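No lab work stands behind these numbers, since they all come straight from the coordinates. Just so it is clear, the structure is predicted and the values come from calculations on it, not from any experiment. Quick reminder, even Gly has a Cβ in these numbers, built from the backbone with ideal geometry, and neighbours come from all protein chains shown.
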Amino acid sequence: MSNKLKPVEIICSATQNYLPYYVVLARSVADNLDGRPLKIHVLYTTEFGQIPDQDWEKYKDAFNNTMIDFENIEINFYDITDKMHLFNGQNVGMWGKKTSLTHYIYLLAADVLQDSERVIYMDGDMICNTNLGEVFDMDMGSKLIAMAEHSGGDDLSEKELSPTASNSGFLVLNLKQWRADNTFADITEFGRNMPKTSFCDQALLYHYFAVNNPDKIMYIDKKYDMFPGANPNIPTAQMKVIHFTSYRDPKPWLHLGDHTWRGSDIWWKHARNTSFYELFIDGILYGKFEDLKKRVKYKKHRGLWWHIRHLKF
């Protein structure tokens with residue numbers, strides 16, 4: 001399979017309020033592509049976490065402005081809200097305390113991206129640290145999906161699924177084969193009949209592919225999906241894709257200047273190249289001062305300036 005002259009294609013699937021973090025991720029992908037063309041597909045829904053339409057349009061505009069430094073980049077937006085009913089009946093489980101149908105959006109790729117033969121899906125809380133051209137071009141044959149080998153640290157899924165279960169944050173989807181095999185209909189029907197799970201799409205992919213269709217999945221280097229806090233012996237510079245899951249590694253946009261959290265400096269390096277870098281700073285400041293108000297209210301024996309001096313950004 002020769003894709004050398006074809007653009008690398010990535011898919012972002014999110015609610016509207018998660019789009020800024022996908023912009024940082026997309027910027028990191030472009031920064032590492034050495035000028036190769038890139039197609040970015042944003043599948044989003046207004047069904048969850050809706051923000052005002054004018055703000056959504058500002059985010060889309062900011063996405064385009066962030067990527068304006070590069071030639072040969074195409075960004076497409078697809079509102080798939082009217083397709084979300086296709087996931088009804090899934091044993092969706094829970095991420096944290098919220099039921100998360102949005103974790104299934106990327107499964108629509110074969111149907112929505114009719115002109116694409118292959119696409120890379122990445123979670124929005126990742127940062128790219130490598131040229132994705134190599135993994136995009138690899139020979140997949142009739143395999144439907146490629147996932148990074150288990151890199152350790154995902155203790156909860158290890159107990160519920162398997163000690164070797166792959167994380168679902170980084171996927172290469174062979175869309176041409178998905179259409180040929182009618183995989184979307186098959187996997188969603190499978191999901192409606194599988195036991196209740198706490199791991200949403202990750203459990204679905206594990207049971208559908210690793211357990212029941214092992215001939216349809218291939219495994220790639222674990223460094224394409226690594227939790228930096230769970231792999232202290234591997235330098236973050238050697239991690240191809242860094243995953244900030246919150247479980248072991250806090251989201252970088254929730255703290256500023258604290259590089260004791262491994263890999264956060266790499267995330268902020270790319271965030272500074274977005275057209276709305278100040279949005280992240282403002283979000284952190286807002287959160288900190290909301291916390292400050294609570295501290296002053298409940299700890300009146302301390303003065304305001306004492307609390308300000310002890311805030312950690």
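Sorted by mean Cβ packing within 10 Å, highest first, what order do the peptides 36-44, 63-71 take?
36-44, 63-71
Tell me, what HN-Hα J-couplings in whole Hz come from the Karplus equation 6.51 cos²θ - 1.76 cosθ + 1.60 at θ = phi - 60° for each residue of segment 184-193, using x for Gly and Pro?
Along segment 184-193, the couplings run 4, 4, 5, 6, 6, 5, 4, x, 6, 10 Hz.
Given a cut-off of 22 Å, name the pairs among Lys216/Lys251; Lys39/Lys240; Lys159/Lys196; Lys143/Lys223; Lys6/Lys58; Lys39/Lys60 whose C-alpha atoms lie farther apart than that in the structure shown.
Going by Cα-Cα distance, Lys216/Lys251; Lys6/Lys58 fall outside the 22 Å limit.
Scattering from the C-alpha atoms of segment 156-256 alone, worked out with Debye: what is log10 I(q)/I(0) at q = 0.19, 0.21, 0.22 1/Å?
-1.06, -1.19, -1.26
Using +1 on the beta carbon of Lys and Arg, -1 on that of Asp and Glu, and nothing else charged, what's the dipole of segment 169-248 about the Cα centre, debye to 20?
Here the size comes out at about 200 debye.
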